[in-house]
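For reference, the structure discussed in these notes is given below.
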Amino acid sequence: MKQFKDIFDEFSWEEVKASILLKSAKDVEAALSRQHRTLEDFKALISPAAMPYLEQMAQLSHQLTQKRFGKTIQLFAPMYLSNKCNNICTYCGFSMNNKIKRKTLTGEEIQEEIQEIKRQGFNHILLVTGESNHTVDIDYFLKSIEIIKPFFANISIEVQPLSEEEYKRLHEAGVYSVLVYQETYHKEKYKDYHPKGKKSNFYYRLETPDRIGLAGMHKIGLGVLLGLEDWRTDSFFCALHLMYLQKRYWQTKYSISFPRIRPAEGVNIADYHINDKEIVQLICAYRLLNEDVEISISTRESELFRNNLIKLGTTTMSAGSKTNPGGYSVEEDSLEQFEISDDRSPREVADMIAANGYAPVWKDWDRAF
Ligand code: SF4
């Protein structure tokens, strides 16, 4: 079977972009009428021609999601362990060239954070760090997981790309899923956004989900940073990646996240803004392409918008998030990675989910299963 790199290299960004923009109402109608949709259908559904069909897409997305996932929304909390980073990413507050106070949580500090996150009711946790290979390396992750594991049923991580061997060790240590976003699939522009550090290696990052799949991880999370480049073209490549991985690592589950660029220290918002209606279109298009993929919405999005997304295909939400190391109790004022938009408490978010007729799920998986 071909590697993803080879498949990816067969496409030209500009041709994909042009072919999406050329999709017509007829293509959208054909995509909507099919039971099993292709990537060409996905292109039609994310194209401008699909906007008049948004209501129909939303209804279909709602039905498919309810059929597959029931009326449930899983809740999780991110825990930032470190904001140290050896990369320069032009859109991130943790970028190496930003003169901010750096912090990496000690074992005791992790314990303190755990207590506060548990007090809020969470059983699913996402561990996040900057990419500092010397300070936050595999040994640091393993030590942290050992501390965290007794308190959480489900541990996910979002850290620097690792080797297959290292992913195996994390899997054995109890990690359930790994999130790694390509940020943008625009190979040339990728270099402009990532001028320095290991992350500037586009292909090493592109091949990371393969290493995670080979390591036998339960779930892989994909996504692009919406707003860096043309969101339609980037989303096509992300969907291509998802479909490839699903075929190859068919026992693995997948999730898609929709991070939109948010204000952060030293960040200039780029020109490729995606508006709320377009995010809805994108979420529905993913659901119509893929009935099994989990769809995760973070607190980057506003309270009102998140309320409205509940019924459109969402399966997972973060709540009460802090995006700074120690943000829950240790050092509440340290610098955050990006600004949170929905700052309701986890309880308030759970109540909103229930008010919409859905069950907030604090724990849906256990290592003992
Ligand atoms: S996006 Fe990640 S790798 Fe880039 S500067 Fe921020 S923390 Fe570091």
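What to note about this one:
- In this structure, LEU75 does not satisfy being among the aliphatic types (A, V, I, L, M), within 16 Å of the ligand (Cβ to nearest atom) and in contact with a helix residue (DSSP H, G or I) (Cβ under 9 Å, 6 or more places away or on another chain).
- Residue check for LEU60: closer than 11 Å to ALA285 by Cα, part of a helix (DSSP H, G or I) and open to solvent by 20 Å² or more (accessible area, probe 1.4 Å): yes
- Of the residues making up segment 74-83, one or more are among the aromatic types (Phe, Trp, Tyr) and open to solvent by 30 Å² or more (accessible area, probe 1.4 Å).
- Yes/no for GLY130 being surrounded by fewer than 23 Cβ atoms within 10 Å (Cβ to Cβ) and at pLDDT 95 or above: no
- The selection criterion, being at pLDDT 95 or above and surrounded by fewer than 22 Cβ atoms within 10 Å (Cβ to Cβ), does not hold for GLU331.
- Where a residue in segment 197-212 is assigned to a loop (DSSP other than H, G, I, E, B) and its partner, wherever it lies, is of a type outside the set (A, V, I, L, M, F, W, C) and within 16 Å of the ligand (Cβ to nearest atom), with Cβ under 6 Å and at least six apart: GLY197/ASN86; GLY197/ASN87
- Verdict on GLU278 being at pLDDT 90 or above, open to solvent by 10 Å² or more (accessible area, probe 1.4 Å) and in a helix (DSSP H, G or I): yes
- Looking only at segment 188-242, and only at residues there that are of a type in the set (Gly, Ala, Ser) and within 16 Å of the ligand (Cβ to nearest atom), the one that is surrounded by the most Cβ atoms within 10 Å (Cβ to Cβ): GLY221
- The single residue among TYR244, TYR286, TYR254 that is at pLDDT 95 or above and in a strand (DSSP E or B) turns out to be TYR254.
- Criterion applied to ILE155, ILE125, ILE148 was being β-branched (Val, Ile, Thr), modelled with pLDDT of 95 or more and in a helix (DSSP H, G or I), and the one residue passing it is ILE148.
The values are calculated or read from the model by the stated rules, or taken from the named source; none is laboratory data. As the structure is a prediction and not an experimental result, all values here were calculated from the model. With ideal geometry, Cβ positions are generated from the backbone for all residues, glycine too; neighbour counts draw on all protein chains shown. Each accessible area value is taken on the protein alone, full model and side chains, heavy atoms only, with ligands, DNA and RNA left out. Shrake-Rupley method; radii C 1.70, N 1.55, O 1.52, S 1.80 Å.
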